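These notes concern the structure reproduced below.
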Amino acid sequence: MAKYNPKKIEAKWQEKWYDSNVFKAQNRSKKKKFYLLVEFPYPSGDGLHVGHCRSYTAIDVIARKKRMEGFNVLFPIGWDAFGLPTENYAIKKGAHPSVVTKNNTDNFRRQMKELGFSFDWSREINTTDPKYYKWTQWIFLQLFKNGLAYKDKIAINWCPTCKIGLANEEVISGKCERCGTKVEKKEKEQWMIKITKYADRLIKDLDNVNFLEKIKIQQKDWIGESRGALIKFSIGGIDDNIEVFTTRIDTIFSGTFLILSPGHSFIDKYGSKIENIDEVLKYREDSKIATDINRTNIDKDVTGVQLKRITARNPATNEEMPVWIADFVLEQYGTGAIFADAHDKRDFKMAKKYSIPLRTSIKPDDELLVQKTKNLEECFDGEGILYNSMQFDGMKSAVARPLIVAWLASKSSAQQKISYKLRDWVFSRQHYWGEPIPLIFCAQCGWQPVPEKDLPLELPKVKKYKPTETGESPLSAIKKWVNVKCPKCKSPAKRETDTMPNWAGSNWYYLRYCDPKNNRKLADAKLLKYWMPVDWYNGGMEHTTLHLLYSRFIFKFLWDIGAVPKSIGSEPYKKRTSHGMVLGEKGIKMSKSKGNVINPDTIVKQYGADTLRIYEMFMGPFDQMIPWDTKGVVGARRFLEKIWKLCSSSLRGATATKQSNLEISINKTIKKVGEDIEEMKFNTAVSSLMILTNEFIKNKDFLTKDDVKILLLILSPFAPHLAEELWRLAGFKGLCCEQKWPKYNVKLIEEEKVLLIVQVNGKVRDKIEVDFGIDQKQTENLALSSNKIKNWIADAEEVEKVVFVQNKLINLVTIDKTK
RNA sequence: GCCCAGGUGGCGGAAUGGUUUACGCGAGUGACUUAAAAUCACUUGAGAGAAAUCUCAUGCGGGUUCGACUCCCGCCCUGGGCACCA
């Protein structure tokens, strides 16, 4: 028989699979549907990363197994192709981004096909295709029409050298990712999406989905819900008040001053009433520059300026209190103002520095701390027992809080309030290679949506798409495109020239896969009803707080407005898992600059796709970061060679009396591999396939064709090409990947004889072979008759207690009678 | 600072209350070969011993248990996330 030649057989089977559409998902089927999703890649010029290969192989293994189990599997792929790297690369090479994108996707597609991924290629999508982004724009318009998109002036990251606005992820430790210049803040009008309106639902609905716990935790932390109260502080001499958010209303009686963020609107409104307004405004300006640098430096000194001649009234104590501004109070969180007291470390620090009066009202449980706290030697910011707090004296913090809120609410100066850390989503970019935002500004009518019949609003094909000097989008330079008539009043108007961020196209792509060619709707309701929700979505941990959150939000929105059927439920993904990163050798992150990037093409060429697949599954736990080891690839290849040899020699019809041990191993392996795939324990699944193969080789003479058949079936999701080739060579009918997943026989998993551990006082002293299912009395007798065991029990000792675990272990606990 | 994950041979790792070190890599010895590669067989945690065998070892220190890599308490270290969030 011929040598194992992966190059030849892999190309052959890929052609067979893709030509005969075996991986095509059926829109109509008697089978149960199963929608498996991998994050579609950004088609960069570097080609597929071995990390892509790992996560895609893993989900491909699951897809292949699910098909064999009789599911109608939807396993689609596409390209998230808008974005900066392509634009930058295109600028550098002088090619148009669309050409670069085409080349890159062609390359990615070739690589994926060469790895034998069982994607349904008939559903391939591309976010830069106008037929696709028509619906990305349509979704934006729905957000706009429902009041969830608004324009706001916010500070963006601005690189003074590149003259370009940068996304947060393009800023590396305060510097521009590309040129290393220190990034500045620049105020700019940006389109914002009100994701904050969905904050509560984005947390609550996590209870109904099967996401890895760490993913849920990270999303919850990111949204950052805090339950507390809103307190109104009236201002002396002004008929207005300042609102404050707190989670510690139990400390209200020690509140002796108020602190506003430097940007607080009170200063703008009542500047004339502030005696030292110049000083205040100067502090405000200084803090604008300082904020980002100081954020990383937690131990920095607190600074602040008092608003002279302004006082607030503490609604609990009715005392007048000074009002300050300080840059540690954040404008964007809560109300941008806090009440300050001795029970907060920063407030305490600030009061000490500027000699602002302090008072305590919470007694710690720790007696040693009580005096120190009272004497204001140390700040106590924990929970404790209230004092100096009128009718709330003696209560625990947690008990007092709702009561104080209720009491102040009765005087209409407080109410319950939930605050979130989550911010609204900055949705505009000043770049060319993105979806144009389909809005038109008219001096008379304001912002008007591009009529839906005019969608897609295509990105104009131009030669100049470099970012502009001013930070405006490159589209603003295209006069012909910018100047249009207002859709409402027909007077001259201008298009929005910003484009959408990368996330726009990936928000809803899983919906498009259900019906990728629909021209009338983002997807047909019937098909959405059938395929959605996604049964299993795997992706990177780094997308937990961005893409995963954004897409959950957009789905909820579409669900609310009835753009997707209600019957799907309000969550797009039933299950979310996550893979670990593949690092370079020695555990350093792969990067071009370090020269440690592994190109999957090289591995495929040298060892074959099946070897790469097996290696990537075998290298370690799927959810863990793992260093690449090219030496280890050899082991995967050897394993496949062994199977090749085994099958080519034994398949000549050797039939012999079955060895019961072999049968047990086969059934155990079917069970183990099947269960391991479901739990994503691919490394141990491959390991058990290796063990079975080794056992087959040892018992070669007893192997039957059926034994080999089973091995090929359970191997096929991992090494599909090899399995397919050997399947055919053995003369089995049809395609291996279309066979039924084998069932194991429960009765054949139990062995007749088991090796039982004999312990004396918890230490292993002997191992005895016993019949399966033997009872305690018999085991005890066998154990005690062992000479080894006899030696471990001294004459003066007696067995006091016996611990027995059937088929596993017996432990004899002795007692010294002489004592 | 807070939250999450992890720490086991020379290396990747296996074992989630019951044989620590499966499987693979690497290394070593032997067979085949003129030779090398490939392949096959055997060995491979540390220490002691001629051997049978024994002792010790899962980041550190305690605890629970007949028995702990596994559970509990307190630390240390590594990786990831968040970070002046009131």
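The values are calculated or read from the model by the stated rules, or taken from the named source; none is laboratory data. All values derive from a computational prediction rather than experimental measurement. All Cβ positions, glycine included, derive from the backbone under ideal geometry; neighbour counts span all protein chains shown. All accessible areas refer to the heavy atoms of the entire protein, side chains included, with ligands and DNA or RNA removed. Shrake-Rupley method; radii C 1.70, N 1.55, O 1.52, S 1.80 Å.
Just need a number here: residues in segment A:490-529 that are open to solvent by 20 Å² or more (accessible area, probe 1.4 Å), within 26 Å of A:Asp60 (Cα to Cα) and in contact with a strand residue (DSSP E or B) (Cβ under 6 Å, 6 or more places away or on another chain). Adding up the residues that qualify gives 1. Scanning segment A:680-733 for residues that are within 14 Å of RNA strand B (Cβ to nearest atom) and touching a Pro at 6+ places or on another chain (Cβ under 8 Å) yields A:Lys681, A:Asn683. Looking only at residues in segment A:230-249 that are touching a helix residue (DSSP H, G or I) at 6+ places or on another chain (Cβ under 7 Å) and modelled with pLDDT of 95 or more, the one that is nearest to A:Leu307 (Cα to Cα) is A:Ile242.
Exactly one residue among A:Lys733, A:Lys740 is exposed (fewer than 15 other Cβ atoms within 10 Å of the Cβ), assigned to a loop (DSSP other than H, G, I, E, B) and under 41 Å from the mean Cα position of the chain (by Cα), and that residue is A:Lys740. Look through segment A:760-770, keep the residues that are free of Cβ contacts under 8 Å to residues at least 40 places away in the same chain and loosely packed, with under 15 Cβ neighbours inside 10 Å, and return whichever of them is nearest to A:Ile815 (Cα to Cα). Among them, the one singled out is A:Lys763. Kindly indicate whether A:Glu225 is within 12 Å of RNA strand B (Cβ to nearest atom) and out of contact with any strand residue (DSSP E or B) (no Cβ under 9 Å at 6 or more places or on another chain). No: the conditions fail for A:Glu225. Contact annotation: residue pairs with Cβ atoms under 6 Å, 6 or more positions apart or on different chains, pairing a residue in segment A:716-744 that is under 13 Å from A:Glu69 (Cβ atoms) with a partner that is open to solvent by 50 Å² or more (accessible area, probe 1.4 Å) and of a type in the set (D, E, K, R), are A:Trp741/A:Glu69. Looking only at residues of segment A:542-569 that are under 25 Å from A:Glu678 (Cα atoms) and in contact with a Lys or Arg (Cβ under 8 Å, 6 or more places away or on another chain), we find that the one that is farthest from RNA strand B (Cβ to nearest atom) is A:Ile568. Note on segment A:371-417: residues that are aliphatic (A, V, I, L, M), surrounded by fewer than 19 Cβ atoms within 10 Å (Cβ to Cβ), under 45 Å from the mean Cα position of the chain (by Cα) and farther than 22 Å from A:Asp347 by Cα amount to 5. Pairs linking a residue in segment A:784-808 that is among the aromatic types (Phe, Trp, Tyr) and within 9 Å of RNA strand B (Cβ to nearest atom) to a residue that is modelled with pLDDT of 80 or more and not in a loop (DSSP other than H, G, I, E, B), with Cβ atoms under 6 Å and 6 or more positions apart or on different chains, are A:Trp792/A:Val760; A:Trp792/A:Arg765; A:Phe804/A:Gln776; A:Phe804/A:Ile810.
Among (1) of a type outside the set (Ser, Thr, Tyr); (2) more than 19 Å from A:Tyr283 (Cβ to Cβ); (3) free of Cβ contacts under 8 Å to residues at least 60 places away in the same chain; (4) open to solvent by 80 Å² or more (accessible area, probe 1.4 Å), where does A:Glu320 come up short? Answer for A:Glu320: the failing condition is (3).
Out of all the residues in segment A:1-21, is one or more of a type outside the set (Phe, Trp, Tyr), in contact with a strand residue (DSSP E or B) (Cβ under 8 Å, 6 or more places away or on another chain) and surrounded by 15 or more Cβ atoms within 10 Å (Cβ to Cβ)? No - not one qualifying residue is present in segment A:1-21.
If you go through segment A:450-462 one residue at a time, do you hit one that is in a strand (DSSP E or B) and either surrounded by fewer than 18 Cβ atoms within 10 Å (Cβ to Cβ) or not charged (D, E, K, R) (or both)? Looking for residues that are in a strand (DSSP E or B) and either surrounded by fewer than 18 Cβ atoms within 10 Å (Cβ to Cβ) or not charged (D, E, K, R) (or both), one finds none in segment A:450-462, hence no.
Of all the criteria given as (1) within 22 Å of A:Ile193 (Cβ to Cβ); (2) modelled with pLDDT of 95 or more; (3) under 19 Å from the mean Cα position of the chain (by Cα), the one not satisfied by A:Asp535 is (1).
Scanning segment A:330-356 for residues that are open to solvent by 10 Å² or more (accessible area, probe 1.4 Å), within 12 Å of RNA strand B (Cβ to nearest atom) and more than 14 Å from A:Thr373 (Cα to Cα) returns A:Leu330, A:Glu331, A:Gln332, A:Tyr333, A:Gly334, A:Thr335, A:Ile338, A:Phe339, A:Arg346. Taking the criterion of being near RNA strand B (Cβ under 10 Å from one of its atoms) and in contact with a strand residue (DSSP E or B) (Cβ under 6 Å, 6 or more places away or on another chain), the residues of segment A:240-249 that qualify are A:Val244, A:Phe245, A:Thr246, A:Thr247, A:Ile249.
Here segment A:586-642 is the region considered, the condition is being buried (at least 22 other Cβ atoms within 10 Å of the Cβ) and of a type in the set (D, E, K, R), and the residue that is nearest to RNA strand B (Cβ to nearest atom) is A:Glu616. Give me the residue from segment A:228-239 that is under 19 Å from A:Gly336 (Cβ atoms) and more than 9 Å from RNA strand B (Cβ to nearest atom) and, out of that set, surrounded by the most Cβ atoms within 10 Å (Cβ to Cβ). The residue in question is A:Ile231.
Listed here are the residues, each with its yes/no results for (1) at pLDDT 95 or above; (2) away from RNA strand B (no atom under 16 Å from the Cβ).
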{"position": "A:Phe380", "(1), (2)": "no, no"}
{"position": "A:Glu383", "(1), (2)": "no, no"}
{"position": "A:Phe392", "(1), (2)": "yes, yes"}
{"position": "A:Ser397", "(1), (2)": "no, no"}
{"position": "A:Val405", "(1), (2)": "yes, no"}
{"position": "A:Ala409", "(1), (2)": "yes, yes"}
{"position": "A:Asp424", "(1), (2)": "no, no"}
{"position": "A:Ser428", "(1), (2)": "no, yes"}
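Scanning segment A:571-617 for residues that are of a type in the set (D, E, K, R) and farther than 23 Å from A:Lys642 by Cβ yields A:Glu571, A:Lys574, A:Lys575, A:Arg576, A:Glu585, A:Lys586, A:Lys589, A:Lys592, A:Lys594, A:Asp601.
Regarding segment A:422-438, can at least one residue be identified that is under 29 Å from A:Ser234 (Cβ atoms) and not in a helix (DSSP H, G or I)? Looking through segment A:422-438, none of the residues is under 29 Å from A:Ser234 (Cβ atoms) and not in a helix (DSSP H, G or I).
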